[in-house]
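Each remark here refers to the structure printed beneath this line.
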Amino acid sequence: MIKGHARRGGKKMRKERQKNCIVGITDEYRTSKVCIYCFQDVRMARSRRMIKGKSKMVRVHGALECINPACPSFKEGYTIKARDPHAAAAIAIAGACVLLSTLHKALPPFSPDQSEELQR
Ligand SMILES: [Zn+2]
């Protein structure tokens, strides 16, 4: 992933798509790092595995875990999410905000210039 850059695909591809539907462009900034329920950071899910007779914590690639106890998904016991659908939903949220907000900016957690201020 290229952090902080909008990946926009080929110009040709966009032109083809625009024949059939409206295409929105969204910066994917932090869309796979921010929980879509509480907007706090998620981490890669971990799992306890037996490796060479020893119990070890391993990271599960392709899965995300929200560790915020105040998160709605945490309260429902739904903390581990598949990474790609989660990021797709986050991109949809970020994109919808750009289209609907008067400032045409994504929500602060998905916006490079605004989230830096939040982290201070
Ligand atoms: Zn959360």
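Every number here is computed from the coordinates shown, using simple stated rules; none is lab data. Because the structure is predicted, anything quoted here is derived from the model rather than measured. A quick note on method: Cβ atoms are made from the backbone with ideal geometry, for glycine too, and the neighbour counts reach across all protein chains shown.
Just to confirm a number: summing +1 for Lys and Arg and -1 for Asp and Glu over residues other than His86 whose beta-carbon lies under 11 angstrom from that of His86, what do you get?
Charge balance in the 11 Å sphere: +1.
Report the net charge of residues surrounding Ile22, where surrounding means a beta-carbon distance below 15 angstrom and charges are Lys +1, Arg +1, Asp -1, Glu -1. Let's see the in-between values first.
Working: positive: Arg14, Lys15, Arg17, Lys19; negative: Glu16.
Local charge sum for Ile22: +3.
Taking the Cβ of Met44 as the center, what net charge do the other residues with Cβ under 9 Å away carry, scoring Lys and Arg +1 and Asp and Glu -1?
With Lys, Arg at +1 and Asp, Glu at -1, the net is +3.
What list of ³J(HN,Hα) couplings, whole Hz, do you get for the stretch 41-51 from phi and the Karplus terms 6.51, -1.76, 1.60, once you set θ to phi - 60° and write x for glycine and proline?
Result, ordered by residue: 5, 9, 10, 5, 4, 10, 9, 8, 10, 8, 10 Hz.
Give the lysines whose C-alpha is closer than 18 Å to that of Lys11, dropping any in the same chain fewer than 8 places away, or say none.
Lys19
Expressed as an acute angle from 0 to 90° and rounded to the nearest 10, what is the orientation of the C-alpha long axis of helix 83-100 relative to the principal long axis of the chain?
30
Out of every Cα pair in the stretch 22-119, what percent are spaced more than 23 Å from each other?
34
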